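A short worksheet on the structure shown next.
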């Protein structure tokens, strides 16, 4: 390199066309490398930021319809009245500060062969690498649960307007009413979410409407952090929360939005407030772009999160098949960083390094009581792998003092993941 | 084009070699350290309200902490479970990353009057080991300046309850202090900018 003269440098860059035809990636002095990120949730935002932090020569465009985004995490505390919608709102100013080109538009298709992304606004964005973070869409496992029904029987499984609808219904409900949560079948976004939600709503009911009940009608026979949640139901919410497994008649098959009734086969549950969380698949754009498998989720290579269906397209977050990682916000943040590092490596002619991931997930289950689950992940024999001996759940026997600390750490998790992803 | 293809490929190869850091087995330091950011902030600069800053922490303090979490000799809510996912070598790699970051002092909510009173206690009882307001990473005592107050309080509660071992010199000093003095000095550390 010592004798790398300016003339030789010019010869090299002059040969860029020949180099490209040999299959080399772009080289020093060549046109800037372009990345398009589809979706500005936790995964997409994190990937965009971390690419810019690692290599500011890469041109990153993030396309997201909303100018303001509401985080799903901590939205259950809005339902209980513990926090405001404003406290779960993030903007894209932080990403702009990192030099990310933020475009508010809806991606309508991805041309993987032509390496370009098309939007509803009629624009086309060319890319060298595309990162798709589309979140989830809803499957039709419950008869009668259509777009119109969502307005009166909200899912509130994408935070924002839906969260507000559910909160207002809880506020308007008479004391003595029944709230139903229809919990979805696996796999779905935020596995402990429905049960944390039950705890949060129960705290509101106990304080404001103590004669009311909450029933969880579950499409499953077991669920995430079950032992700890059952302990919380008993410890904090006895007489309010009742969990009904699929086996015991919990699997909702049909709803009637006009009468706010949920049906398990022929058994009707007419309730005051119905929170219906349907089965899920990858976000709509992933399906449209042909990134999904026959189960509706996006298979990826665990090293780079590159789609195993379409080259140069990476899929992260809830939409990807990143088993054994759960579909959680922390996992999406972690996956965003792995994809970012891989994309930076690939665009600089390097093989992506070994990935490292973590999931950490808190649930606030009662006053001064939070529980958590964590795990460390790596790549083993080419597959994502939970590191043996790592992670696990809060102990059922942990002291009230430690449970109260977990609440503080849950809020630290929230403040930091927001800033780490969008800030 | 008058360009010898073989020579060009060789030259490109050398350009890439020069631009590539040595490849070590396993995940890179930033790859592993970035997984901490969801709770401890980007590059270890915590947004609070309780998770401690890791930025600028000395390697030995980070290593000792993680190994103690792993072995269960330091009280934890979740760090014991997470630390078990890493080998000692991986912990040392992450330690190098955070030690390489500038010390970060957060804007921590604190009681100004207590912080003022705590300054005296600090001078008398703590300054010998926790130099410069607790902001020197070289003293192997952890960075206390600009740390989040709940974390400082939890740490002291664990020390005082006998759940976490204090160095002998520290135990001798802590024994002499009243609860009010300890509360004040923790506010002092939190107030450091």
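Observations, loosely collected:
- Checklist (1) in contact with a helix residue (DSSP H, G or I) (Cβ under 8 Å, 6 or more places away or on another chain); (2) without any contact (Cβ under 8 Å) to a residue 40 or more places away in the chain; (3) at positive phi applied to residue A:190, failing item: (2)
- Residue check for residue A:149: in a helix (DSSP H, G or I) and surrounded by 18 or more Cβ atoms within 10 Å (Cβ to Cβ): yes
- Counted residues, the range A:34-59 - those being within 13 Å of chain B (Cβ to nearest Cβ), more than 15 Å from the chain's Cα centre (by Cα) and surrounded by 24 or more Cβ atoms within 10 Å (Cβ to Cβ): 3
- In the range A:32-65, of all residues being assigned to a helix (DSSP H, G or I) and in contact with a strand residue (DSSP E or B) (Cβ under 6 Å, 6 or more places away or on another chain), the one that is farthest from residue A:307 (Cα to Cα) corresponds to A:52.
- Test result for residue B:107, surrounded by 15 or more Cβ atoms within 10 Å (Cβ to Cβ) and farther than 21 Å from residue B:59 by Cβ: no
- Scanning the range B:82-91 for residues that are out of contact with any strand residue (DSSP E or B) (no Cβ under 9 Å at 6 or more places or on another chain) and within 13 Å of residue B:27 (Cβ to Cβ) yields B:87, B:89, B:90, B:91.
- Test: residue in the range A:313-329 that is within 11 Å of chain B (Cβ to nearest Cβ) and either crowded, with 23+ Cβ neighbours inside 10 Å or touching a helix residue (DSSP H, G or I) at 6+ places or on another chain (Cβ under 7 Å) (or both): yes
- The one condition from (1) surrounded by 24 or more Cβ atoms within 10 Å (Cβ to Cβ); (2) under 24 Å from residue A:388 (Cα atoms); (3) away from chain B (no Cβ under 14 Å) that residue A:307 does not meet is (2).
- Residue check for residue B:147: within 14 Å of chain A (Cβ to nearest Cβ) and either surrounded by 22 or more Cβ atoms within 10 Å (Cβ to Cβ) or more than 18 Å from residue B:177 (Cα to Cα) (or both): yes
- Test set (1) crowded, with 20+ Cβ neighbours inside 10 Å; (2) over 17 Å from the mean Cα position of the chain (by Cα) - residue A:94 fails condition number: (1)
- Residue count, the range B:154-166 (criterion: away from chain A (no Cβ under 13 Å) and exposed (fewer than 12 other Cβ atoms within 10 Å of the Cβ)): 1
- Residues of the range A:121-144 that turn out to be without any contact (Cβ under 8 Å) to a residue 24 or more places away in the chain and assigned to a loop (DSSP other than H, G, I, E, B), as a count: 3
- Test: residue in the range A:193-203 that is on the phi < 0 side of the Ramachandran plot, in a loop (DSSP other than H, G, I, E, B) and in contact (Cβ under 8 Å) with a residue 40 or more places away in the chain: no
- Qualifying residue in the range A:347-357 (condition: at the interface with chain B (Cβ under 7 Å from one of its Cβ atoms), in contact with a strand residue (DSSP E or B) (Cβ under 9 Å, 6 or more places away or on another chain), within 16 Å of residue A:300 (Cβ to Cβ) and part of a strand (DSSP E or B)): yes
- Any hit, the range B:63-77, residues being buried (at least 21 other Cβ atoms within 10 Å of the Cβ), farther than 22 Å from residue B:141 by Cβ and in contact (Cβ under 8 Å) with a residue 24 or more places away in the chain: no
- Answer from A:342, A:332 - the residue that is out of contact with any strand residue (DSSP E or B) (no Cβ under 8 Å at 6 or more places or on another chain) and either in a helix (DSSP H, G or I) or at the interface with another protein chain (Cβ under 7 Å from one of its Cβ atoms) (or both): A:332
- Single residue of the range A:367-406 satisfying the filter (more than 9 Å from chain B (Cβ to nearest Cβ) and in a helix (DSSP H, G or I)) that is surrounded by the fewest Cβ atoms within 10 Å (Cβ to Cβ): A:400
- When the helices (runs of 4 or more DSSP H) confined to the range B:31-92 are screened for residues that are under 17 Å from residue A:409 (Cβ atoms) and away from chain A (no Cβ under 12 Å), those reaching at least 1 such residues are found at B:59-71.
- Summed over the range A:204-232, residues that are under 24 Å from residue A:324 (Cα atoms), touching a strand residue (DSSP E or B) at 6+ places or on another chain (Cβ under 8 Å) and part of a loop (DSSP other than H, G, I, E, B) total 5.
None of the figures in this text is laboratory data; all of them are computed from the coordinates on show. Model, not experiment: these values are computed from the prediction. With ideal geometry, Cβ positions are generated from the backbone for all residues, glycine too; neighbour counts draw on all protein chains shown.
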